[in-house]
Amino acid sequence: MSQQSTHDEPVVRAKMSPARKKRMAWLGLLAILTLAVVLPLASYSVYWLGGNAVAQDVGSVTNPRSNMWRAVEQGVGGYTAVNGAEAGVLIAQGGVRWQQLRDGPVAKYMPWLVLGMLAIVVLYHLIHGKNKLDASQLSGRKIKRWNSFDRSVHWITAISFIVLAITGLSMLIGKNVLIPLLGKAGFSWWAQASITIHNVVGPVFSVGVLLMIVLWVWHNFPTKVDLEWFKQGGGMFTKSHPSAGRMNGGEKVWFWVVAVVGLAVSITGIIMLVPIYNLPVPTWLSWVPLIEGTRPQMQEANLVHAVLSLGWTALAVGHVYIGTAGTEGAFEGMKTGYVSEEWAKQHHDLWAEDAAAKGQVVVLDDTTTQGAVGTGSQPAAAQ
Ligand code: HEM
């Protein structure tokens, strides 16, 4: 409908010619393009129009906020909502150093010790073979070496050690080694499970180490006989069988490694568990190094724990080899409690002589190793 003027006269609109329309469209497009190019460069126009002093200042003065964080990194305190030893510490510098050491040398080099030891053991076995018994036939006469409590303590501690080694290594190097095998989701599940298993099995292991120390320290004090045993390399590279008492020099060294490193690994482990289990630390324990459980102390505890336990795992590879494939008859002792008289004479001659003098050599029913031949359930002393 056409519009009407107040005087009812028709309004005549001047029509734009097609040529003008086209010109206007081109001009519009040109204006848009010009603005699109010029507007982003507006800051330069400020510079050219005399704002250069401002622009230069902006270039030379560092952001005051980054200056503040630089100062914080150097140890300047501030306000934090944390109470206790770390109140006011905005960036704990020790944490950066700890992570560099843990993810650097500890995670990169220490696991190679374990693999290196595995390689040495395999090489030794290929070259030297099993340390076999000289006797071609066993007489059936045996000597009791470990009672059932000794064996339970040994196997509970050994199994927990293996579980701790697997879960501990998963936490330390799993990110690099396991993600390609399990995928990210699979590894995330296993990493969480590893932490929980490690936290639960750790204390069991520590009790095992304490019991081992109390039970076996008595036969692990060094003697002159051990010196001679070491001089002969424990007979590992010759056909000789150096003299030994109940435990030989090598076993004594392993015992003291278990005692000293076991205690250190247990204490550093417990220091890390204190905040997780919210354990109260009694004041009379304040002499224990790192016991207060502050973050820097826990970082130190973590490094000591990782380095010692990985070195220990490497040594354990040697112990496991000697106790199984390396020495004929050794495993039997920790499995049944009894060793053959032939094994005792070959590896612990002084102890075997002592046992014979005390009438402790027995003849056992081979099928059960429990009942003595012809004497009901009690082992019979051999003649
Ligand atoms: C599955 C792995 C293991 C095997 C097969 C094994 C085997 C043995 C055997 C056969 C013995 C007796 C040696 C003898 O009668 O002279 C023994 C002793 C011993 N084992 Fe193990 N063991 C293992 C793991 C461990 C671990 C992980 C630890 C420490 C955490 C350990 C600590 C000890 C100690 C302290 C002794 C006694 C040494 C002494 O009193 O001088 N074992 N082991």
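Just so it is clear, none of the values below were taken in a lab; they were calculated from the coordinates. None of these values were measured; they are calculated from a predicted model. Cβ: placed from backbone, ideal geometry, glycine included. Neighbour counts: every protein chain shown.
Okay, here's what the table says:
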| quantity | calculated |
| --- | --- |
| Residues satisfying the stated conditions in the range 134-168, i.e. away from the ligand (no atom under 14 Å from the Cβ), without any contact (Cβ under 8 Å) to a residue 60 or more places away in the chain and outside any loop (DSSP other than H, G, I, E, B) | Thr167 |
| Flag if Val225 is surrounded by 14 or more Cβ atoms within 10 Å (Cβ to Cβ) and either more than 25 Å from Thr313 (Cα to Cα) or among the acidic types (Asp, Glu) (or both) | yes |
| Failed item, numbered, when Ser243 is tested on (1) of a type in the set (Gly, Ala, Ser); (2) within 13 Å of the ligand (Cβ to nearest atom); (3) within 20 Å of Asn131 (Cβ to Cβ); (4) surrounded by fewer than 19 Cβ atoms within 10 Å (Cβ to Cβ) | (2) |
| Failed item, numbered, when Ile127 is tested on (1) surrounded by fewer than 18 Cβ atoms within 10 Å (Cβ to Cβ); (2) touching a residue at least 60 places away in the same chain (Cβ under 8 Å); (3) away from the ligand (no atom under 16 Å from the Cβ) | (2) |
| Test: residue in the range 286-298 that is part of a helix (DSSP H, G or I), at negative phi and in contact (Cβ under 8 Å) with a residue 40 or more places away in the chain | yes |
| Options Ile276, Ile270; residue that is aliphatic (A, V, I, L, M), assigned to a helix (DSSP H, G or I) and either surrounded by fewer than 19 Cβ atoms within 10 Å (Cβ to Cβ) or within 16 Å of the ligand (Cβ to nearest atom) (or both) | Ile276 |
| Residue identified as within 19 Å of the chain's Cα centre (by Cα), closer than 27 Å to Asn131 by Cβ and either within 14 Å of the ligand (Cβ to nearest atom) or surrounded by 17 or more Cβ atoms within 10 Å (Cβ to Cβ) (or both) among Val258, Val204 | Val258 |
| Search result, residues across the range 129-154 that are over 33 Å from the mean Cα position of the chain (by Cα), under 30 Å from Val207 (Cα atoms) and not aliphatic (A, V, I, L, M) | Lys144, Arg145 |
| Hits in the range 323-360 (condition: touching a residue at least 60 places away in the same chain (Cβ under 8 Å), aliphatic (A, V, I, L, M) and in a helix (DSSP H, G or I)) | Ala325, Met334, Ala344, Leu350, Ala352, Ala355 |
